[in-house]
Amino acid sequence: MIEQLYTQAPANSWVVCLDEMGPESARSHRGQRLVQAPQRAAQEIDYGRRGKGYVFGAFRPASGAALTDTYSRRTTVNWVDFFTQVEAWIPADIERVYAIVDNLSTHRATDVLLFSLAHPRWEFVFQPKYAAYLNLIEPWWNVLRSLALQGRRFATWDDVCAAVQSATAYWNAHRHPFVWGHRRRHRSRRQSGIASLPKVA
């Protein structure tokens with residue numbers, strides 16, 4: 001069902017992957033740094049007790065478009081509040097919205113059911129247990145962490161929120177689709193020229 005929605009979605013419909021990332025803390029996040037031998041990589045201890053919260057996200061694999069917002073807690077109220085933002089984000093002329101979500105109890109709460117009744121174009125598609133790979137927002141979380149958090153130190157949770165919003169805007173300006181079954185790999189550019197022939201003994 002989920003694979004078919006990714007590859008053959010019905011006409012005039014959106015497939016949207018939804019999930020939360022976190023808890024994320026206002027702390028130092030590891031980055032990438034060149035260390036010359038014989039030096040040893042070191043990082044200052046940071047317990048990150050300066051605030052924490054969750055990043056709620058909606059990701060449309062067909063276009064790569066993403067929507068995020070930050071909340072201090074992962075509750076049903078916040079989850080449904082984020083749905084209202086996603087509903088406003090999706091064009092009004094889209095007839096059907098297929099929401100891919102996991103089986104967290106918050107995602108099956110009564111308030112979620114009431115939201116779906118109030119918005120008939122929404123259909124929730126729950127991924128099977130132990131099948132997180134079916135939700136394409138999971139690999140996109142890695143992209144967001146790299147853009148927003150990697151190699152940075154945050155003094156407050158508000159700083160984390162600002163970084164997430166800035167990174168989401170940057171991604172949307174340079175986005176690309178996530179195609180089911182095709183992993184996007186980085187390939188180094190080959191140098192132009194003639195390859196040297198193998199030596200013959």
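The values are calculated or read from the model by the stated rules, or taken from the named source; none is laboratory data. Small disclaimer: the values here were computed from a predicted structure and weren't measured. Using ideal geometry, Cβ is built from the backbone for each residue, glycine included, and neighbour counts are taken over all protein chains shown.
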Exercise. Checking residue 82 against (1) in contact with a helix residue (DSSP H, G or I) (Cβ under 8 Å, 6 or more places away or on another chain); (2) closer than 12 Å to residue 18 by Cα, which single condition isn't satisfied?
Worked result: (1)
Seminar exercise, completed: For residue 167, the lone unmet condition from (1) over 14 Å from residue 57 (Cβ atoms); (2) at pLDDT 95 or above; (3) of a type outside the set (S, T, N, Q); (4) surrounded by 13 or more Cβ atoms within 10 Å (Cβ to Cβ) is (1)
Exercise. Residue check: is residue 71 aromatic (Phe, Trp, Tyr) and free of Cβ contacts under 8 Å to residues at least 12 places away in the same chain?
Worked result: no
Seminar exercise, completed: Counting only strands (runs of 3 or more DSSP E) wholly inside segment 49-130, the ones holding at least 1 residues that are closer than 18 Å to residue 167 by Cβ and either touching a Phe, Trp or Tyr at 6+ places or on another chain (Cβ under 7 Å) or modelled with pLDDT of 95 or more (or both) are 52-60, 65-71
Exercise. If you go through segment 108-125, how many residues are closer than 19 Å to residue 5 by Cα and either in contact (Cβ under 8 Å) with a residue 40 or more places away in the chain or of a type in the set (D, E, K, R) (or both)?
Worked result: 3
